[in-house]
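Chemist: Once you've had a glance at the structure underneath, I'll fire off some questions.
The values are calculated or read from the model by the stated rules, or taken from the named source; none is laboratory data. Model, not experiment: these values are computed from the prediction. Using ideal geometry, Cβ is built from the backbone for each residue, glycine included, and neighbour counts are taken over all protein chains shown. Please note that ligands, DNA and RNA were not included when accessible areas were found on the heavy atoms of the full protein model with its side chains. Shrake-Rupley method; radii C 1.70, N 1.55, O 1.52, S 1.80 Å.
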Amino acid sequence: MQKLSSVIYAVLFLSSLCFGAKKEKILRMWTFTDELEKNGAVARFEAQNPGVKIEVVTVPHDNYMEKIRPVLRANKNAPDIFLGESVQVKELVETGFWDDLSKPPYNADTRDLVPYQVQMATDSRGILRALSWQTTPGGFFYKRSLAKQYLGTDDPVKVGEMLSSTEKFLETARKIYRESNGEIKIIAGIPDYQEFPFSNRKQGFMNKSGKLVVDPSLMSFFDVAKILRDEKLTAELNRFSPPWYENMKKNGKVFGYVLPTWGLHYVLKKNAPDSKGDWGLTKGPNPYFWGGTWLGVYKKSKKKKLAWEFVEMMTLDKETLKWWAKSTGDFIGNQAVFNEIKDTFSDPYLNGQNHYKFFAGEAPNVNAAIICKYEQKIRGFFMNAITDYVEKKKSKDEAIVSFKEEVKSAYPSLF
């Protein structure tokens, strides 16, 4: 009897070990960026939740959507949490793979978040699908030395006034060109300027009926682009090309760059360390945003509560957001937090200017309601039309026709 009891005890003990292994708290997360791991967010959550391990699957950005779609559809080895970049978010929120964060067990309180951040992650039925820890409003970064030489001041407010409308932007571009004898260009190329007209629309590329619409304001982009090209006011460089980066450096011939929050840390500082202290940050003709990353809970996850705890920590927990802002310099999306800490920043790269305070003023003015799920590709088609026009390959009317044909070929449902 005693021997039998020992055997039963051993079996029960082994069973408990096996059962415990099955119940191990592992959260699976899919991402296209290493920033949550590299900058300590994953480790922070694990430290706050002993016994929990986040298993991170990182897929290159260019392959991310094609890899994650079938996994989410099949619900096989699917993530509990997955991320989406700004060009993917509108597609992801409409698929329903992210759960509804406004309902239990989440009950997400978004009152303190920048409105556009919430707009981006809300589907066409008004359901909140994801949240972000950051916002990415944009500005105009310019070289102070060139501003002093050709505009008479490097003061961000005064320079911003000179760029505060399309007309003033062009006037200032002409002045810089004239005073420098054509050596210095206001921006690297027409593609840099696109953030302003695309963000200044009253309506996006899709109307409420799901059909293509072109906001009348975009027609003026053709005219502005033609002036920039015909009067040689840009360096005619493509974004992210080697010469584009090269002209950020100390002796570069480009006056300024149209970049968002991450442009300071990951573009300018990284590629032009020798021009530290020579940069200023100001407004352009209108507010815009560029980029950003959202995260949400997979609708079929069996660990929704735990998954939400990570999302909540990263996007709504004030202490975590303060820590993240101060340790990474990333501009966060919680207005209550960034308004609390905005006066504590000063960046030597910007000659001591407070970039955080600047972006805190810009973020609430961004309108993301105009962004549709096909935004990136349709914008690309429109830029093709702009290029055809300024290079005199097509008239404005012909370029618009070609644009619509490209859209129709890619998305026939829009017609």
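Chemist: Straight distance only, please: which lysines reach the Cα of Lys305 with their own Cα at less than 19 Å, same-chain residues fewer than 8 apart left out?
Modeler: Here the lysines satisfying the reach criterion relative to Lys305 are Lys22, Lys23, Lys25, Lys53, Lys103.
Chemist: Once you've got the Cα coordinates, tell me which of Lys226/Lys250; Lys175/Lys392; Lys143/Lys249 are over 20 Å apart. Working shown, then result.
Modeler: Details: Lys226/Lys250 29 Å; Lys175/Lys392 26 Å; Lys143/Lys249 10 Å.
Violating the 20 Å limit, Cα to Cα: Lys226/Lys250; Lys175/Lys392.
Chemist: Okay, next question. Using Cα-only point scatterers and the Debye equation, what is log10 of I(q)/I(0) for the range 39-162 at each q in 0.16, 0.19, 0.20, 0.23 Å⁻¹, rounded to two decimals?
Modeler: Scattering profile of the range 39-162, log10 relative to I(0): -0.93, -1.16, -1.24, -1.44.
Chemist: Residues of the chain: accessible area per residue at 1.4 Å, in Å²? All intermediate terms of the calculation are to be shown ahead of the outcome.
Modeler: Values: 19340 Å² over 415 residues.
That works out to 47 Å² for each residue.
Chemist: What is the magnitude of the charge dipole of the range 235-276 about its Cα centre, with +1 placed on the Cβ of each Lys and Arg, -1 on the Cβ of each Asp and Glu, and no other charges, expressed in debye to the nearest 20? Write down the numbers at each step before the final one.
Modeler: Working: 7 positive and 3 negative charges, 32 e Å.
That gives the range 235-276 a dipole magnitude of about 160 debye.
Chemist: Additional query: Put +1 on the Cβ of every Lys and Arg and -1 on every Asp and Glu Cβ in the chain; which of Leu72, Trp290, Leu218 then has its Cα farthest towards the positive end of the dipole?
Modeler: Positive-most Cα among the choices belongs to Leu72.
Chemist: Ratio of the range 310-415's C-alpha Rg to 2.2 N^0.38 Å, to two decimals?
Modeler: Taking the Cα Rg and dividing by 2.2 N^0.38 Å, one obtains 1.62.
Chemist: Could I ask something else about it? Evaluate the relative contact order of the chain (contact order divided by residue number), counting alpha-carbon pairs under 8 angstrom at least 6 apart; express in whole percent.
Modeler: Values: 654 pairs, mean separation 95.2, N = 415.
Normalised by residue count, the contact order of the chain is 23 percent.
Chemist: Need one number for the range 104-195: average projected area of the convex hull over its C-alpha atoms, nm². All intermediate terms of the calculation are to be shown ahead of the outcome.
Modeler: Values: hull surface 34.8 nm².
Projected over every direction and averaged, the Cα hull of the range 104-195 covers 8.7 nm².
Chemist: Going by Cα centres, the range 127-201 and the range 332-396 are how many Å apart?
Modeler: Cα centroid of the range 127-201 versus Cα centroid of the range 332-396: 11 Å apart.
Chemist: Now for a separate question. At a 10 angstrom cut-off on C-beta neighbours, averaged per residue, how do the peptides 201-212, 346-357 rank from highest to lowest?
Modeler: Working: 201-212: 14.8, 346-357: 16.9.
Averaged packing, sorted descending, gives the order 346-357, 201-212.
Chemist: Pop the C-beta distance of Thr95 and Lys396 into the FRET formula with R0 = 41 Å and round what comes out to the nearest 0.05. Kindly include the intermediate steps, with their values, before the conclusion.
Modeler: Working: r = 37 Å, r/R0 = 0.89.
Calculated value: 0.65.
Chemist: Peptides 121-130, 98-107: what's the order by average Cβ count within 10 Å, highest mean first? Working shown, then result.
Modeler: Details: 121-130: 18.6, 98-107: 16.5.
Per-residue Cβ counts within 10 Å, averaged per peptide and sorted highest first, yield 121-130, 98-107.
Chemist: In a GNM of the chain with a 10 Å cut-off on Cα contacts, which of Gly277, Gly152, Gly329 has the highest mean-square fluctuation?
Modeler: Of the options given, Gly152 has the highest mean-square fluctuation.
Chemist: Subtracting the Cα-Cα distance from 0.36 nm times the residue separation, let me have the gained length for Lys249 to Lys226 in nm, one decimal.
Modeler: On the way: separation 23, 0.36 × 23 = 8.28 nm, distance 2.75 nm.
Length gained between Lys249 and Lys226: 5.5 nm.
Chemist: Moving on to the next point. Mind checking which aspartates and glutamates have their Cα closer than 15 Å to the Cα of Lys318? Skip sequence neighbours fewer than 8 apart in that chain.
Modeler: The qualifying aspartates and glutamates are Asp109, Asp112, Glu309, Asp330, Glu340.
Chemist: Quick check on my link table: of Lys168/Lys208; Lys168/Lys396; Lys90/Lys304; Lys202/Lys253, which ones sit more than 31 Å apart, alpha carbon to alpha carbon? Present the calculation step by step, with values, prior to reporting the outcome.
Modeler: Details: Lys168/Lys208 34 Å; Lys168/Lys396 24 Å; Lys90/Lys304 22 Å; Lys202/Lys253 34 Å.
With Cα atoms farther than 31 Å apart: Lys168/Lys208; Lys202/Lys253.
Chemist: Give me the aspartates and glutamates in straight-line cross-link reach of Lys303: C-alpha distance below 18 Å, same-chain residues under 8 apart excluded.
Modeler: Qualifying aspartates and glutamates at Cα under 18 Å: Glu24, Glu46, Glu55, Asp80, Asp99, Asp100, Glu312.
Chemist: Please report the relative contact order for the range 235-274, taking Cα pairs under 8 Å with a sequence separation of at least 6, and give it as a percent rounded to a whole number.
Modeler: Numbers: 21 pairs, mean separation 17.8, N = 40.
Contact order relative to length: 45 percent.
Chemist: Right, next: Please give the length that would be gained between Ser409 and Asp343 if that part of the chain were fully extended, namely 0.36 nm times their separation in residues minus their C-alpha to C-alpha distance (nm, one decimal). Walk me through the intermediate numbers first.
Modeler: Working: separation 66, 0.36 × 66 = 23.76 nm, distance 4.97 nm.
Working it through step by step, the gained length comes to 18.8 nm.
Chemist: Sort 108-116, 308-316 by the packing proxy (mean of other Cβ within 10 Å over each peptide's residues), most packed first.
Modeler: Per-residue Cβ counts within 10 Å, averaged per peptide and sorted highest first, yield 308-316, 108-116.
Chemist: Could you work out what % of the accessible surface of the chain is carbon and sulfur, using a 1.4 angstrom probe and leaving DNA, RNA and ligands out of the count?
Modeler: On the way: 9870 of 19340 Å².
After summing per-atom areas, the C and S share lands at 51 percent.
Chemist: Now for a different question. Considering the values (1) 103, 51, 37; (2) 83, 54, 50; (3) 108, 51, 44, which represents Cα extents along the principal axes in Å as calculated for the structure under consideration?
Modeler: Step by step, Cα extents along the principal axes in Å for this structure corresponds to label (1).
Chemist: Does anything in the range 81-117 have its amide N under 15 Å from the 7 Å Cα→Cβ label point of Glu55, and if so which residues?
Modeler: Hits in the range 81-117 for Glu55 at 15 Å: 81-82.
Chemist: List the relative contact order of the range 251-353 as a percent without decimals, with contacts defined as Cα pairs under 8 Å and 6+ residues apart. Each step should come with its number before you reach the end.
Modeler: Numbers: 60 pairs, mean separation 38.5, N = 103.
The value is 37 percent.
Chemist: Quickly estimate the mean residue ellipticity at 222 nm for the chain, helices only: each DSSP H run with n ≥ 4 gives -39500 (n - 2.57), and the total goes over all residues, rounded to 500.
Modeler: Numbers: 19 runs with 184 residues, N = 415.
Counting only the DSSP helices, I get -13000 deg cm²/dmol.
Chemist: On to the next question. Mind jotting down the three principal axis lengths of the range 282-327 based on Cα atoms? Whole angstrom, largest first.
Modeler: 47, 25, 13
Chemist: While we're looking at this one, here's another question. For a quick check of understanding: with a 1.4 angstrom probe and all protein chains in place, what accessible area in square angstrom does Ser164 have, to the nearest ten?
Modeler: 50 Å²
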